[in-house]
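**Student:** One structure is given below, represented as structure tokens, and several questions about it will come after.
Values quoted throughout were computed directly from the atomic coordinates according to the rules given, and no laboratory measurement underlies them. Quick caveat, the model's predicted, so the values are computed rather than measured. Cβ placement follows ideal geometry from the backbone for every residue including glycine, while neighbour counts extend to all protein chains displayed.
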Amino acid sequence: MKTIVITGASKGIGFETALSLLNQGCYVVAIARSSEELEQLRSQSS
């Protein structure tokens, strides 16, 4: 399993990249200024 760190993961390209990698089975360390927006990423990942 790959571990990937993404900054700016709560919006835009960072969000979509993180979501795609999570759905591919990667371990993603998502970094953003807003923890509330990171919750959205977590809820949308499968």
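**Student:** Could you line up Lys2, Lys11 from fewest to most neighbouring Cβ atoms inside 10 Å?
**Tutor:** Listed from fewest to most nearby Cβ atoms, that is Lys2, Lys11.
**Student:** Under a 5 Å amide H to amide H cut-off, with H placed in plane at 1.01 Å, what residues pair with Val28 once short-range neighbours are removed?
**Tutor:** Amide H neighbours of Val28, under 5 Å, 5+ apart: Ile4.
**Student:** How far is helix 35-44 tilted, in degrees, relative to the longest principal axis of the Cα atoms in the chain, given as a value from 0 to 90 rounded to the nearest 10?
**Tutor:** With rounding to tens, the tilt is 40 degrees.
**Student:** Enter the mean projected area of the convex hull around the alpha-carbon atoms of region 6-46, in nm², rounded to one decimal.
**Tutor:** Projected over every direction and averaged, the Cα hull of region 6-46 covers 2.3 nm².
**Student:** Using the Cα centre of the chain as the reference point, and only Cβ charges (+1 on K/R, -1 on D/E), how large is the resulting charge dipole? Debye, rounded to the nearest 20.
**Tutor:** 140 debye
**Student:** Also: Once phi is turned into ³J(HN,Hα) by the Karplus curve 6.51 cos²θ - 1.76 cosθ + 1.60 with θ = phi - 60°, what whole-Hz value does each residue of region 15-22 show in order, with x for glycine and proline?
**Tutor:** These are the phi-based 3J(HN,Hα) values: 5, 5, 5, 4, 4, 4, 5, 4 Hz.
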